[in-house]
1. Being modelled with pLDDT of 95 or more, assigned to a strand (DSSP E or B) and under 14 Å from ASP43 (Cα atoms) is the requirement here; does LEU169 meet it?
2. Inspect all residues belonging to the range 140-154 and state whether any of them is within 17 Å of the chain's Cα centre (by Cα) and modelled with pLDDT of 90 or more.
3. Output yes when any residue across the range 6-26 is surrounded by fewer than 16 Cβ atoms within 10 Å (Cβ to Cβ), free of Cβ contacts under 8 Å to residues at least 24 places away in the same chain and over 28 Å from LYS142 (Cβ atoms), and no when none is.
4. Of the residues LYS95, LYS85, LYS60, which single one is closer than 23 Å to LYS142 by Cβ and either of a type in the set (Ser, Thr, Tyr) or in contact (Cβ under 8 Å) with a residue 24 or more places away in the chain (or both)?
5. Determine whether ILE78 is surrounded by 14 or more Cβ atoms within 10 Å (Cβ to Cβ), farther than 23 Å from MET157 by Cα and among the aliphatic types (A, V, I, L, M).
6. For GLY90, are the conditions met, namely being surrounded by 13 or more Cβ atoms within 10 Å (Cβ to Cβ) and more than 17 Å from VAL133 (Cα to Cα)?
7. Starting from the range 35-52, keep only residues that are over 16 Å from THR98 (Cβ atoms), then list their pairs with residues that are among the aromatic types (Phe, Trp, Tyr) and modelled with pLDDT of 95 or more whose Cβ atoms are within a distance under 7 Å, requiring at least 6 positions of separation or different chains.
8. Considering only the range 109-130, state which residues are under 11 Å from the mean Cα position of the chain (by Cα) and either closer than 22 Å to GLU40 by Cα or modelled with pLDDT of 95 or more (or both).
Amino acid sequence: MYIAMYIIIAIVAIVILLALAAPKTYNVSRSIEVKRPKQEVFDYLLSLKNMDDWSPWAKKDPNMVKTFTGTDGEVGCISHWVGNKDVGEGEQEIKRITNGEQIDSELRFLKPWKSTSDCYLKVVETAAAATKVTWGFSGKNKFPMSIMTLFMSMDKMVGKDFEEGLASLKSVLEK
């Protein structure tokens, strides 16, 4: 009986230590340079509907069902999707627009697990007809998912998708 109690205490102590050591937040971003004027790039990125042309997740499920509410390209516009196991279900809502500079959205995953992240698209002019696009997202690691981040990197999990998406965006805009 004492052995079982010590085992339970040890397991609880390990979980507490892991929870204390786990990162509390995550922040992933990638950038690419596009040979197009900044305002043109910004105007294209403003449309949630355009995201299907370059998003890596749209390619993972070409049969994904999407619905839009609100006016595309304006604060309050929501893109809702239901897809296969690779993309799940969720929605993205435009929360703030800094004209010609940045689009801030809230990304809400509903399935396979619930989570909320802040995401953004930022544009910076690098030359007369070239623009650096940065795509990123950040959020809080909540218990017990926070413990899992000790063993897997959010940057490695999502970073490749961001790189693929930005390469597609570059291809679309530089046609």
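The values are calculated or read from the model by the stated rules, or taken from the named source; none is laboratory data. Since the model is a prediction, treat every value here as computed from it, not as a measurement. Every residue, glycine as well, gets a Cβ built from its backbone with ideal geometry; the counts of neighbours run over all protein chains shown.
1. no
2. no
3. So far as the range 6-26 goes, yes, one or more of its residues are surrounded by fewer than 16 Cβ atoms within 10 Å (Cβ to Cβ), free of Cβ contacts under 8 Å to residues at least 24 places away in the same chain and over 28 Å from LYS142 (Cβ atoms).
4. Result: LYS85 is the single residue among LYS95, LYS85, LYS60 that is closer than 23 Å to LYS142 by Cβ and either of a type in the set (Ser, Thr, Tyr) or in contact (Cβ under 8 Å) with a residue 24 or more places away in the chain (or both).
5. Yes: the conditions hold for ILE78.
6. Judged against the criteria, GLY90 is a match.
7. That search, which allows pairs on different chains as well, returns LEU48/PHE68; LYS49/PHE68; ASN50/TYR44.
8. The answer is CYS119, TYR120, LEU121.
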